[in-house]
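Report on the following structure.
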Amino acid sequence: FYYFHLDINDHSPTFKKSFIQLPIAENLPIDYEIPLESAVDNDYGLFSIQNYELYPIINNPFVLLKRSKPILKLKKTLDREIKSNYLLKLIAYDGGQPSLSGEQNIEIIVTDVNDNAPIFDQMFYRKSLPENQPIDSIIFKIHANDQDEGENARITYSIEDQLNIFNINQQTGEIYLKKSLDYEKQRSYSITIKARDHGIPQLNNYATLTIDVTDVNDHVPNVLLTEVNGTIMNNHQINLSECISK
Ligand SMILES: [Ca+2]
Ligand SMILES: [Ca+2]
Ligand SMILES: [Ca+2]
Ligand SMILES: [Ca+2]
């Protein structure tokens with residue numbers, strides 16, 4: 001009993017780990033509680049741990065609940081797309097005069113949830129194409145952006161319509177002409193393009209591409225010859241074989 005009165009505050013509160021990382025999904029509900037490990041102080045009574053504090057005070061989505069052990073409680077919704085990590089400091093104090101303390105740094109890593117659908121740069125696109133546009137040529141490139149990360153942001157493009165006249169590269173969004181156009185048959189096409197991500201569940205969005213087919217002069221050989229003759233005569237000598245091959 002004599003020794004009890006002689007106890008001095010010769011131990012500081014100590015955390016088992018001075019730094020911990022806590023991965024937490026961005027859709028964690030408000031008031032969710034995350035229990036933390038208590039610090040240890042080998043002194044008795046008041047000289048043992050009396051209090052915890054959590055920093056920073058502002059710009060911290062968590063508050064500290066002080067029960068028998070410290071608990072983080074979420075008070076603001078998280079959004080990984082805005083802020084993906086928080087550096088917090090938990091300090092344990094004993095009741096000595098002056099009090100001794102120990103601290104633990106906590107990195108909150110906000111992990112991604114698929115909460116954003118791909119967004120096209122535009123909802124409506126328009127493109128003019130001559131009716132003699134070569135098959136398999138790239139006629140357009142469409143682009144959508146997804147703010148999530150990893151698979152949640154990986155986009156696959158597809159053409160929804162069954163026209164079978166256009167093809168799309170699922171990864172790049174490049175659109176190809178698959179069949180020849182004919183101004184006399186159809187002057188305009190409207191295709192719906194879907195962008196989906198690879199999250200669970202998948203999210204998607206749509207855009208519309210309107211293609212206007214433009215008329216091309218039927219007398220193509222005459223036009224070409226005139227151009228070839230004109231160009232070459234204005235420059236150097238006439239290459240007869242080139243003229244004939246056209
Ligand atoms: Ca102590
Ligand atoms: Ca989010
Ligand atoms: Ca997200
Ligand atoms: Ca997404």
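The values are calculated or read from the model by the stated rules, or taken from the named source; none is laboratory data. Since this is a predicted model, take the numbers as computed values, not measurements. Because the Cβ atoms are built from the backbone with ideal geometry, glycine has one as well, and the counts that use them run over all protein chains shown. Side chains are part of the model used for accessible areas, which takes the heavy atoms of the whole protein and leaves out ligands, DNA and RNA. Shrake-Rupley method; radii C 1.70, N 1.55, O 1.52, S 1.80 Å.
Scanning segment 175-203 for residues that are within 30 Å of Arg80 (Cα to Cα) and surrounded by 15 or more Cβ atoms within 10 Å (Cβ to Cβ) yields Ile193, Lys194, Ala195, Arg196, Asp197, His198, Gly199, Leu203. When segment 78-107 is filtered for residues that are open to solvent by 60 Å² or more (accessible area, probe 1.4 Å) and within 16 Å of ligand 3 (Cβ to nearest atom), the ones remaining, listed by number, are Ile82, Lys83.
Checking each residue in segment 11-28 for being surrounded by fewer than 11 Cβ atoms within 10 Å (Cβ to Cβ) and more than 30 Å from Pro98 (Cβ to Cβ) picks out only Pro23. Of the numbered criteria (1) within 16 Å of ligand 2 (Cβ to nearest atom); (2) in a strand (DSSP E or B), the one Asn167 fails is (1). Being free of Cβ contacts under 8 Å to residues at least 60 places away in the same chain, open to solvent by 90 Å² or more (accessible area, probe 1.4 Å), of a type in the set (Lys, Arg) and outside the structural domain of Leu177 (by TED's automatic domain parsing) is true for just one of Lys141, Lys75. Which residue is that? From the options Lys141, Lys75, the qualifying one is Lys75.
Do we find a residue being assigned to a strand (DSSP E or B), within 16 Å of ligand 1 (Cβ to nearest atom), β-branched (Val, Ile, Thr) and in the same structural domain as Gln104 (by TED's automatic domain parsing) anywhere in segment 44-55? So far as segment 44-55 goes, yes, one or more of its residues are assigned to a strand (DSSP E or B), within 16 Å of ligand 1 (Cβ to nearest atom), β-branched (Val, Ile, Thr) and in the same structural domain as Gln104 (by TED's automatic domain parsing).
When segment 146-164 is limited to residues that are modelled with pLDDT of 95 or more, within 18 Å of Ala207 (Cβ to Cβ) and open to solvent by less than 70 Å² (accessible area, probe 1.4 Å), the one that is farthest from ligand 2 (Cβ to nearest atom) turns out to be Ile159. If you go through segment 147-172 and pick out every residue that is touching a residue at least 60 places away in the same chain (Cβ under 8 Å) and of a type in the set (A, V, I, L, M, F, W, C), you end up with 0.
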